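Read the structure below first, then the notes.
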Amino acid sequence: MARCAPKCIYDDLEASSCQPDLWTYNAMLPFYGRCGKATEAERLFKELGSKVFLSDAVTYNSLLYTFAREGNVGRVKEIVQAGFGRDEMTYNSMIHMYGKQGQHDLAFHLYKDMKSGGRNPDAITYTVLIDSLGKAGKITEGRRCDVRDVGCKN
């Protein structure tokens, strides 16, 4: 089985006199997420824990994204509880995950939780929420959301 280019480059890096840093790990984690390799992402995340530098919000969100993409709700909740708390990226990944799984009410609830917690939805938040509510046929919920939260007029 052929190896993907980022993994091949990462292996070359480890074999050289250079050592991976936090930027390297933060680049590799979403790569594994896009490839559907949550186990590899978690292995890399644990390897990062043995290094001198500490994980940051990007690291936690990249790992969360990997499991959210696979629909592993339990693991996503564990990561959120162990991580840096919820930021916009965390909310967006979770809203997207629940929407893809058909749990549209949970996706909408997270959106409301995001707003009440002082986080500002961005274009990604609105896009995944509109997509989720649209697929569920919940047009009125999406319209009410726009009117109240975005400031649109009736």
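If you plug each phi of the stretch 24-29 into the Karplus form 6.51 cos²θ - 1.76 cosθ + 1.60 with θ = phi - 60°, what whole-Hz ³J(HN,Hα) values come out, in order, with x for Gly and Pro?
5, 4, 5, 7, 6, 4
Can you put Glu14, Glu40 in order, fewest other beta carbons within 10 Å first? Provide the component values of the computation, followed by the final result.
On the way: Glu14 12, Glu40 17.
By the 10 Å Cβ count, ascending, the order reads Glu14, Glu40.
Of the listed peptides 42-50, 99-107, what is their order by residue-averaged count of other C-beta atoms within 10 Å, with the highest listed first?
Working: 42-50: 14.3, 99-107: 17.6.
Packing order, densest peptide first, comes out as 99-107, 42-50.
Sort the stretch 71-116 into rounded, prolate or oblate with this rule: let a ≥ b ≥ c be the square roots of the eigenvalues of the Cα gyration tensor; rounded if a/c is under 1.5, and if a/c is not under 1.5, prolate when a/b is larger than b/c, oblate otherwise. Walk me through the intermediate numbers first.
Working: a/c = 2.11, a/b = 1.14, b/c = 1.85.
Judged from the Cα gyration tensor, the stretch 71-116 comes out oblate (a/c at least 1.5, b/c at or above a/b).
Determine ³J(HN,Hα), in whole Hz, for all residues of the stretch 57-65 in sequence, where each value follows from phi through the Karplus function 6.51 cos²θ - 1.76 cosθ + 1.60 and θ = phi - 60°; x replaces Gly and Pro.
Coupling constants for the stretch 57-65: 4, 5, 4, 4, 5, 5, 5, 4, 4 Hz.
Please list 3J(HN,Hα) in residue order for the stretch 30-35, calculated via the Karplus relation 6.51 cos²θ - 1.76 cosθ + 1.60 where θ = phi - 60°; whole Hz, with x for glycine and proline.
Once rounded to whole Hz, the list reads x, 4, 4, x, 5, 8.
Read-outs: derived from the displayed coordinates by stated rules, not from any lab. Since the model is a prediction, treat every value here as computed from it, not as a measurement. Cβ sites come from the backbone with ideal geometry, for glycine too, and all protein chains shown count toward neighbours.
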